[in-house]
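Enquirer: Here it is, the structure, as structure tokens.
Just so you know, all these numbers are worked out from the coordinates, no wet-lab data involved. Just so we're clear, the structure is a prediction, and the values are computed from it rather than from any experiment. Don't worry about glycine lacking a Cβ; one is built from the backbone with ideal geometry, like all the others, and counts go over all protein chains shown.
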Amino acid sequence: SSQEISTARCASAKVTTTATVKVMTINLRNESDQWERRFPLIADEIERLDPDIIGLQEVQISQDQANVLNDLLQKRGHAKYHLFTHRKSGWRGWFRGEGIGIMSRWPIVKEDHEDTGEMRVSVHARIKHPSGAFLDMADTHLDHHGGAEGDADRDDEARQTVDLITRNDDCRPTFLTGDMNATESSSAVKRFLSAGFVDSYKQVHGAAETAARGNTAMIKLADGAFEQHPSRRIDFVLGQSAGP
């Protein structure tokens, strides 16, 4: 989203700089679905949209996928992004090599992360804008299991993600992206909203259009899968301002 986010969590903050920031979230799907054929298509779309910051999920770190994507962008004449990636937690996360990450047009000056449970992690970066000001970016990928247990796990991972953001909070504009594996009616997404984050897509497009066009899952990534009929919105770009 490239909109103004307003939550006014820091009443004493004063606006000294205004800027438009374009933020994207994308699940790279690890090594699934012929990733070496898919990544050039992803690079084409990133070049077209030209986001300033990207939240990545399901990055295969052992295959250096973030740098592969950066190289593809460079071949298209796009400047490389600054990268921060981190493997998912636990021994399974380490051996599987999957993680999440942040790509930023501007320098990343501070990195942090929180292991939120087996095979889950959230990351946080402070980014220096060309104006000299700073903004914060967080990214996460919540549990995918169904049922009450999955709901509880996602809510707890959301709580830990909010804690990660809070402990790094310095009244900077903050974005949060992620594959939440949950809709806006879930306790996990509600937790983010109650922490002061604004659902940027819904804010820009309104509730009716969001319900009609905003779905992101399920998407079929296979030869011949030209018709897509996603039924749920589980991927989000959220934001909160530095102050009033």
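Enquirer: Tell me, in nm to one decimal, what length is gained between THR17 and LEU41 on full extension, where the rule is 0.36 nm per residue of separation less the Cα-Cα distance?
Expert: 5.1 nm
Enquirer: In debye to the nearest 20, how big a dipole does the stretch 100-244 give about its Cα centre with +1 on each Lys and Arg Cβ and -1 on each Asp and Glu Cβ?
Expert: Values: 16 positive and 24 negative charges, 131 e Å.
That gives the stretch 100-244 a dipole magnitude of about 620 debye.
Enquirer: Follow-up. In a shell of Cβ-Cβ distance under 12 Å around ASP151, excluding ASP151 itself, what net charge do Lys and Arg (+1) and Asp and Glu (-1) give?
Expert: -3
Enquirer: Let me ask you something else. Please report the antiparallel percentage of DSSP beta bridges with both residues in the chain, rounded to the nearest 5.
Expert: Bridges in the chain are about 75 percent antiparallel.
Enquirer: Given the options GLN74, VAL59, THR166, identify the residue whose Cα lies farthest towards the positive end of the charge dipole of the chain (+1 on Cβ of Lys, Arg; -1 on Cβ of Asp, Glu).
Expert: It is GLN74, whose Cα lies furthest towards the positive end.
Enquirer: Continuing with this model, one more query. Tell me the relative contact order for the chain as a rounded percent, counting alpha carbon contacts under 8 Å between residues six or more apart.
Expert: For the chain, the relative contact order is 22 percent.
Enquirer: Also, I was wondering about something else. Share of antiparallel DSSP beta bridges in the stretch 93-225, in percent to the nearest 5?
Expert: The answer is about 70 percent antiparallel.
Enquirer: Evaluate the charge dipole of the stretch 4-74 about its Cα centre and quote only its size in Debye, nearest 20, assuming +1 on the Cβ of each Lys and Arg and -1 on the Cβ of each Asp and Glu.
Expert: For the stretch 4-74, the charge dipole is close to 440 debye.
Enquirer: Per DSSP H run of n ≥ 4, the term is -39500 (n - 2.57); total these for the chain, divide by its residue number, and report the mean residue ellipticity at 222 nm rounded to 500 deg cm²/dmol.
Expert: After summing the helix terms and dividing by the residues of the chain, the value is -10000 deg cm²/dmol.
Enquirer: Another question about this same structure. Sorted by packing (mean other beta-carbon atoms within 10 Å per residue), highest first, where do 54-62, 193-201 land? If you can, show how the numbers build up before the last one.
Expert: On the way: 54-62: 23.0, 193-201: 18.7.
Per-residue Cβ counts within 10 Å, averaged per peptide and sorted highest first, yield 54-62, 193-201.
Enquirer: Would you mind putting 125-138, 36-49 in packing order, based on average other-beta-carbon counts within 10 Å, highest first?
Expert: 125-138, 36-49
Enquirer: Now for a different question. What residues have an amide H closer than 5 Å to that of LYS110, excluding those fewer than 5 places away on the same chain, when H is modeled at 1.01 Å from N in the peptide plane?
Expert: Result for LYS110 returns ARG126.
Enquirer: Below 8 Å, C-alpha to C-alpha, sequence gap of six or more: please give me the relative contact order for the stretch 149-244 in percent.
Expert: 39 percent.
Enquirer: Please give the contour-minus-distance gain from GLU149 to ARG48: 0.36 nm per residue of separation, less the Cα-Cα distance, rounded to one decimal in nm.
Expert: Roughly 32.4 nm would be gained on extension.
Enquirer: Now a separate question. Across the stretch 52-63, in residue order, what do the Karplus-derived ³J(HN,Hα) couplings come to in whole Hz, using 6.51 cos²θ - 1.76 cosθ + 1.60 with θ = phi - 60° and x for Gly and Pro?
Expert: Using θ = phi - 60°, the values come out as 7, 9, 10, x, 10, 10, 6, 8, 7, 5, 5, 9 Hz.
Enquirer: Something else: Among 68-81, 168-181, what's the highest-first ranking by average C-beta atoms within 10 angstrom per residue?
Expert: Taking the mean over residues of other Cβ atoms within 10 Å, the ranking is 168-181, 68-81.
Enquirer: Please give the Cα centre distance for the stretch 79-122 versus the stretch 42-70, rounded to the nearest Å.
Expert: 13 Å
Enquirer: Expressed in nm to one decimal, what extension gain is obtained for the pair PHE134 and THR183 from 0.36 nm per residue of sequence separation less their Cα-Cα distance?
Expert: 14.6 nm
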